[in-house]
Every structure is written in C-alpha cells, then in structure tokens.
Amino acid sequence: MDAPVRQSPASRSHNWRLSGVIAPLFHRILDRVDAGLEAGAIEAELPDGSRRLLGGRSEGPVAIVAVHRWRALWRLVSAGSIGWYEGWEAGDWSSPDLVPIFDLFMRNRVALGDTARAKRGAKIAARVFHAIRRNDRRGARRNIAAHYDLGNDFYREWLDETLTYSSAIFADGSESLADAQQRKLDAILDRTRVKAGERVLEIGCGWGSFAATAAAAGVHVDALTLSTEQRDHVAARALPDAAVSLTDYRDVTGTYDAVASIEMVEAVGQAYWPVYLQTIARVLKPGGRAAIQYISIADDVFDAYAGSVDFIQRYVFPGGLLICESRFRRLAEASGLEWQEHHAFGLDYAETLRRWRVSFDSAAQEGRLPPRFDARFQRLWRFYLMYCEGGFRGGGIDVAQVTLVKR
C-alpha cells in the first residue's frame, strides 16, 4: 500500500485556496473519465476534500484512488501511462491496489478514447526517444541487455525454480507456479511434434527452461539469446544435446525440424516482424512446425499504442512492442507459414504476474534483492508487475500460443 503524503498546515492551507481556483478545471477531466467508464468504477478522494464516484453504471472492478495533488490528473491526460507512473512515484496520487486501476483503463479503452493517452507534445518527445532504441542488430542487443542483464541474482529471487519469465498455463488455482510453467513448456514442445534426435531452434531461450524440457526428450536444441547473463546461465547448466549462443535471430543459418519462440517477438519491433517470420520460414524444413508464444494488444488500440510510447517502453523494456495479432498473422501467412492451433490464455498471465509480485514483495521485504536495486527501482518494478496484471485482467492484452507450419 502506498504511504500517505503528509503536508504541513501552511501547505494544506495554500493548496485549499489554490484548489478553489483550479479544481473546476480538473473536475472537467474527471467528467471525461467518468463518461468513459462503461464498466466498473473509481472511488476518488480529491485534493479539495471532495469525493467522487466515477463510473459505477455497470459491473466491473472498483478502484480506490486518492489524488493528493491536482497535477496527477494533468500528468495523466498529457503524458498517459508515463505521466501516471511519474505522478505515482512523485506522491501525487496513491491507491491501496493498483491492479483494478489498470484493469479499468484497459477494460474501458474504447470509451475512454485518448483521455489517458499522451498528447502531441509528449508523444513526439517520447517517440524521438523510442526511435533511438530501434531493434537493429546493435540496438536489439542493447535493449535486451537493459532488461534481461539486470542480473541472474535479481531474477532468481522472485521467479519460480524453473527460472521461466513468461506466462504459465494453470490447470487450477491451487497448482504451483513451477508446475504451471512446466505445463506451458510441455505444450510448446508438443506443438513442434519433434522426435528424439531431431533439431529445434529456440529463438530467445531465457534461462533455459524450454531447452531443458526438449533436451530431456532427446531433442537437440540450438538456443539463441542476446543476453550475456542468460547465455552464461544456460551454458553453466550443461544440458545434454543443447547449445546456447549469443546470436541474433537474423543471423541464423542451417535447417531445423522445428522452431520454438516463447515471448520473444515482443522484443522484435513492428518494422522487423517480416524478417522474424521470414527467418522462421527459411530455417524450417518443409512441413516443419514453429511453436510461438506471444503477447498481443487489441486491434482497437494498436495504432494508438504503437504510435506512442507507454510506461513499459520508457522505463522497463526499451524497444519492446506488443504485437497486433491480425497483422502478425497476415505477415506469417505471406511468409508461407500456416496459422494453426491458436490458444489464448490471458487470465493465466494475470495470475502468473500476481504470483511474481507476491514473490517479488517477499524478496524485497526480506532483503534478498541485490543491494544495487534501491527502493525506487523496487517501486518501479512493483508498478510494472501491477500494470501488466491489470492489462491482462482488463482484456485488452492477451497471451497466446500458435503453431506455424511451413507449407
């Protein structure tokens, strides 16, 4: 829970006088939010001492928000999710639980329109920043390092024992995260239909959980990553019939019976989707199968999302971009890959994220996170995990597996 913001009596008096002048302007912003909440509600406490119920016209999550400074609303409407995070970090607003807020924003994304999206000035500045983080060969390695090379000693403290950093597939709510992750890995391997002795290319190997699953079945795996930390960890596992290398997917040679790629395409970037898919088609044998797990954002907001920069791209994963499933599918089919056996499981990702957050909080409270990650960094990552969880619960973000078969 966020700590309350404490102000001196003189400061409170000044703010109350100021509120009488500017409060009506910010209540107009709240009117726009209220009109856009077709499902769920926000119970808001405001700097002028008033309370407002926004939405509440139909069932949905209910978020509790205390706006301590009016500028929180200005940050939201001018800079979108980046401004909303920066306001939270600055203490402009707080909430006992951030997940319902992000659920609401995503669930009501169409009706809210651009109310909570960055406006022209902030959007241009953000896009300039994002443009220099494009995923050409040099940029891709830099972007991957910024996220995944935070250190194996960081990730192992809050991921499950398989060190799998992607959505699990749960059989039920009582199942352990490790078991649910293994179910996901088995599902990917099953999609490839490879037999012992055959060869699989894994594009984006993480810390080797899929490579270990495939190697245990007697399958040879060539595992690719751009993260030195991941490469070193997988190499140290000395998996039988598995080789790991720092290799860009665009530089792959040879032919494979199958390809596996688990939540790597989000690091590719829209400009490189065709190359990614053409690479898969190029290395697969005729009839070969690629098992892909990917995160997508709804078609109805993709253009607005791709045309700006969100909180994750700015602060957590430079160069990242969720895919537009319909466009990605068309590109896959144009590359000679048939789209088969699609299975979406977005609420499983919400549960995965919730469990990661519980583990992350425990690691932080017990002092198990590396000391180089200070309190501000830890708050950033808690916000990130809740931001993502809310997005999946709101339905505008999804995760899916698909099999691509080379014609």
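General observations
- Tensor-based shape of the range 150-192 (alpha-carbon gyration tensor, a/c under 1.5 rounded, otherwise prolate or oblate): oblate
- Residue ranges 308-317, 268-277 sort as 308-317, 268-277 when ordered by packing (mean number of other C-beta atoms within 10 Å per residue, highest first).
- Per-q log10 I(q)/I(0), the range 141-257, q = 0.19, 0.20, 0.21 Å⁻¹ (Debye; single scatterer per alpha-carbon; no solvent): -1.05, -1.15, -1.23
- Stretch gain in nm, segment Arg330-Ala171, where the contour uses 0.36 nm per residue and the Cα spacing is subtracted: 54.1 nm
- Per-selection Kirkwood Rh - the chain (Cα, Å, 1 d.p.): 22.5
- For the range 237-363, the solvent-accessible area works out to 36 Å² per residue, with a probe of 1.4 Å and every protein chain left in place.
- Accessible-area value, Phe105, 1.4 Å probe, nucleic acids and ligands omitted, Å²: 40
- FRET efficiency for Arg407 and Glu38, using Cβ-Cβ distance with R0 set to 45 Å, rounded to 0.05: 0.55
- Per residue, the solvent-accessible area of the range 37-107 (1.4 Å probe, heavy atoms of protein chains only, all protein chains present) comes to 39 Å².
- Charge context of Gln340, other residues only, Cβ under 10 angstrom, K/R +1, D/E -1: 0
- Each of the peptides 278-284, 343-349 was scored by the mean count of other Cβ atoms within 10 Å over its residues; in descending order, highest first, they stand as 278-284, 343-349.
- On the chain, 52 percent of the accessible area sits on carbon and sulfur atoms, based on a 1.4 Å probe.
- FRET efficiency, 1/(1 + (r/R0)^6) with R0 41 Å, evaluated for Ala90 and Ala187 via beta carbons: 0.45
- Other residues lying with their Cβ under 15 Å from the Cβ of Ala236 contribute a combined charge of 0, Lys and Arg counting +1, Asp and Glu -1.
- Inter-centroid distance (Cα atoms) of the range 223-279 relative to the range 46-76, Å: 44
- Solution diffusion estimate, µm²/s, Stokes-Einstein, the range 265-328, Kirkwood Rh from C-alpha pairs, 4 °C, viscosity 1.567 mPa s: 100
- Calculated P(r) of the range 304-382 - Cα pairs past 18 Å, %: 64
- Label-point separation in nm, Arg376 to His343, each point 7 Å along Cα→Cβ: 4.4
- Each of Asp303 and Arg51 was given a label point 7 Å from its Cα along the Cα-to-Cβ line. The distance between the two points is 4.2 nm.
- Our estimate of slack between Arg156 and Arg282, defined as 0.36 nm per intervening residue step minus the Cα-Cα distance, is 41.9 nm.
- Annotation: peptides 173-184, 91-102, 373-384, ranked by per-residue average of other Cβ atoms within 10 Å with the highest first, follow the order 91-102, 173-184, 373-384.
The values are calculated or read from the model by the stated rules, or taken from the named source; none is laboratory data. Keep in mind that what you see is a predicted model, and the values were worked out from it rather than measured. Cβ sites come from the backbone with ideal geometry, for glycine too, and all protein chains shown count toward neighbours. Note: accessible area is taken over every heavy atom of the protein model, side chains too, but ligands, DNA and RNA are not part of it. Shrake-Rupley method; radii C 1.70, N 1.55, O 1.52, S 1.80 Å.
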